[in-house]
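Visitor: Take a look at this one; I'll ask things after.
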Amino acid sequence: MPRYAQLVMGPAGSGKSTYCCTMQKHYETLKRSVQVVNLDPAAEEFNYSVLADVRELISVEDVMEDDSLRYGPNGGLIFCMEYFTQNFDWLYEQIDDIDDDYIIFDCPGQIELYTHIPVMKNLVDQLQQWDFRVCGVYLIDSQFMIEPSKFVSGMLTALSTMVNLEIPHVNIMSKLDLLSKKAKKSLDRYLEPDLLSLLNEDLDESNVSKKFAKLNAVIAQMIDDYSLVKFFPLDQTDEDSVLDISLLIDNAIQYGEDLEPKEPKDFGDEEDPDDS
Ligand SMILES: Nc1nc2c(ncn2[C@@H]2O[C@H](COP(=O)(O)OP(=O)(O)OP(=O)(O)O)[C@@H](O)[C@H]2O)c(=O)[nH]1
Ligand SMILES: [Mg+2]
């Protein structure tokens with residue numbers, strides 16, 4: 001039987017840890033047991049219950065206090081994550097005994113971990129060797145997405161993560177509850193974007209130089225042509241929105257396909273209408 005995992009990624013403060021907590025509660029109400037693992041060696045606090053916590057292996061605090069290493073917070077985090085990838089047997093011990101087959105990993109918010117350091121890719125490869133089906137869940141704060149040029153740059157970070165990891169991937173615009181009414185109205189234009197017209201509009205309003213305007217347009221065209229990146233909205237205060245996202249992810253990793261089919265109730269006992 002395969003096991004399932006979500007890798008929850010995205011820029012600092014995009015709502016990853018909150019998402020993990022919301023999902024844990026959501027699955028609890030569905031009577032599905034889902035575990036959360038903290039992979040952020042700089043985490044201070046979170047509201048979910050953890051199955052395992054990377055800070056027990058190594059924490060940024062330890063690394064920064066170590067006189068022989070002398071790292072600052074960012075280099076310290078990269079050091080910790082590299083140390084983690086060299087000690088996957090620690091993770092194996094933590095997750096091996098449990099019966100539950102579904103784990104959510106709360107990842108750190110340093111974007112370079114997803115775009116140009118192989119840490120996350122190594123983790124994905126390892127999980128796949130352990131028979132996990134892994135879904136990338138990439139969160140970006142919607143407030144940083146509903147402006148054309150910000151949107152293009154958000155899309156590109158999501159895209160580079162997708163390209164790096166090569167796994168099923170769901171992109172999410174988070175914190176919808178924080179958007180103003182006016183901002184919410186413009187949201188649809190970003191969920192089903194016509195990037196070129198968005199950008200043209202942006203140009204009318206700003207003084208972006210012609211050169212950059214052209215670059216943005218080319219990038220937008222490429223993303224459009226290949227239907228590369230799509231974002232889904234998440235309002236964590238709305239149970240239906242949480243459910244929609246969880247179904248999307250289940251679908252992406254084909255959760256449930258290998259579960260034993262339940263005996264259909266009374267199947268076969270019904271009288272065939274043709275018999276009577
Ligand atoms: N209103 C609202 N606030 C949110 C939501 N998600 C997160 N927040 C708040 O945003 C802040 C950051 O949320 P976290 O869940 O810690 O974000 P994170 O991505 O884990 O942050 P790092 O681990 O530091 O990268 C916290 O103050 C949260 O309470 C949301 O959906 N709605
Ligand atoms: Mg966090």
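The values are calculated or read from the model by the stated rules, or taken from the named source; none is laboratory data. Because the structure is a prediction, the values reported are computed rather than measured. Because the Cβ atoms are built from the backbone with ideal geometry, glycine has one as well, and the counts that use them run over all protein chains shown. Heavy atoms of the whole protein, side chains included, go into the accessibility calculation; ligands, DNA and RNA do not. Shrake-Rupley method; radii C 1.70, N 1.55, O 1.52, S 1.80 Å.
Visitor: Only one residue in 209, 197, 186 is surrounded by fewer than 20 Cβ atoms within 10 Å (Cβ to Cβ), more than 16 Å from ligand 2 (Cβ to nearest atom), among the polar types (S, T, N, Q) and at pLDDT 85 or above, so which one is that?
Guide: Answer to the check: 186.
Visitor: Ok, one more. Tell me whether the stretch 69-86 contains one or more residues that are surrounded by fewer than 19 Cβ atoms within 10 Å (Cβ to Cβ), without any contact (Cβ under 8 Å) to a residue 12 or more places away in the chain and not in a loop (DSSP other than H, G, I, E, B).
Guide: Yes.
Visitor: While we're on this one: With 65, 44 as the choices, which residue is open to solvent by 60 Å² or more (accessible area, probe 1.4 Å) and within 11 Å of ligand 1 (Cβ to nearest atom)?
Guide: None of the others qualify; the one that does is 44.
Visitor: Looking at the stretch 31-41 only, could you name the residues that are surrounded by fewer than 21 Cβ atoms within 10 Å (Cβ to Cβ) and near ligand 1 (Cβ under 8 Å from one of its atoms)?
Guide: Residues satisfying the conditions do not exist here.
Visitor: Separate question: How many residues, within the stretch 127-145, are touching a Pro at 6+ places or on another chain (Cβ under 6 Å) and within 15 Å of residue 230 (Cβ to Cβ)?
Guide: 1
Visitor: Does residue 28 qualify as being open to solvent by 70 Å² or more (accessible area, probe 1.4 Å) and farther than 17 Å from residue 5 by Cα?
Guide: no
Visitor: Quickly run through the stretch 216-229 and pick out the residues that are open to solvent by 90 Å² or more (accessible area, probe 1.4 Å) and either of a type in the set (A, V, I, L, M) or more than 17 Å from residue 171 (Cα to Cα) (or both).
Guide: Hits for the stretch 216-229 are 218, 225.
Visitor: Among the residues of the stretch 140-154, write down those that are out of contact with any Leu (no Cβ under 8 Å at 6 or more places or on another chain) and either open to solvent by 50 Å² or more (accessible area, probe 1.4 Å) or aliphatic (A, V, I, L, M) (or both).
Guide: 140, 144, 145, 147, 150, 153
Visitor: Please go through (1) over 17 Å from the mean Cα position of the chain (by Cα); (2) within 13 Å of ligand 1 (Cβ to nearest atom) for residue 176 and return the number of the only condition it doesn't satisfy.
Guide: Every condition holds for residue 176 apart from (1).
Visitor: Would you pick out the residues in the stretch 98-116 that are under 13 Å from residue 130 (Cβ atoms) and over 20 Å from the mean Cα position of the chain (by Cα)?
Guide: The answer is 98, and nothing else.
Visitor: Determine whether the stretch 99-111 contains at least one residue that is in contact (Cβ under 8 Å) with a residue 60 or more places away in the chain, within 16 Å of ligand 1 (Cβ to nearest atom) and of a type in the set (A, V, I, L, M).
Guide: yes
Visitor: Return a yes/no flag: does the stretch 30-53 have any residue that is part of a helix (DSSP H, G or I) and either at pLDDT 95 or above or more than 12 Å from ligand 2 (Cβ to nearest atom) (or both).
Guide: Scanning the stretch 30-53 turns up no residue that is part of a helix (DSSP H, G or I) and either at pLDDT 95 or above or more than 12 Å from ligand 2 (Cβ to nearest atom) (or both).
Visitor: Still on this structure, I have one more. For the stretch 105-119, what are the residues that are surrounded by fewer than 24 Cβ atoms within 10 Å (Cβ to Cβ) and among the hydrophobic types (A, V, I, L, M, F, W, C)?
Guide: 111, 113, 117, 119, listed by residue number.
Visitor: Let me ask something else about it. For the stretch 1-20: of the residues being more than 8 Å from ligand 1 (Cβ to nearest atom) and surrounded by fewer than 21 Cβ atoms within 10 Å (Cβ to Cβ), which is farthest from residue 160 (Cα to Cα)?
Guide: Checked the stretch 1-20; the qualifying residue farthest from residue 160 (Cα to Cα) is 1.
Visitor: Also: Which residues, counting only those in the stretch 47-61, are open to solvent by 20 Å² or more (accessible area, probe 1.4 Å), of a type in the set (A, V, I, L, M) and under 19 Å from the mean Cα position of the chain (by Cα)?
Guide: 50, 51
Visitor: I'm trying to understand the selection: among the residues of the stretch 233-257, which are outside any helix (DSSP H, G or I), in contact (Cβ under 8 Å) with a residue 60 or more places away in the chain and either open to solvent by 60 Å² or more (accessible area, probe 1.4 Å) or small (Gly, Ala, Ser) (or both)?
Guide: Those that are outside any helix (DSSP H, G or I), in contact (Cβ under 8 Å) with a residue 60 or more places away in the chain and either open to solvent by 60 Å² or more (accessible area, probe 1.4 Å) or small (Gly, Ala, Ser) (or both): 237, 238, 254.
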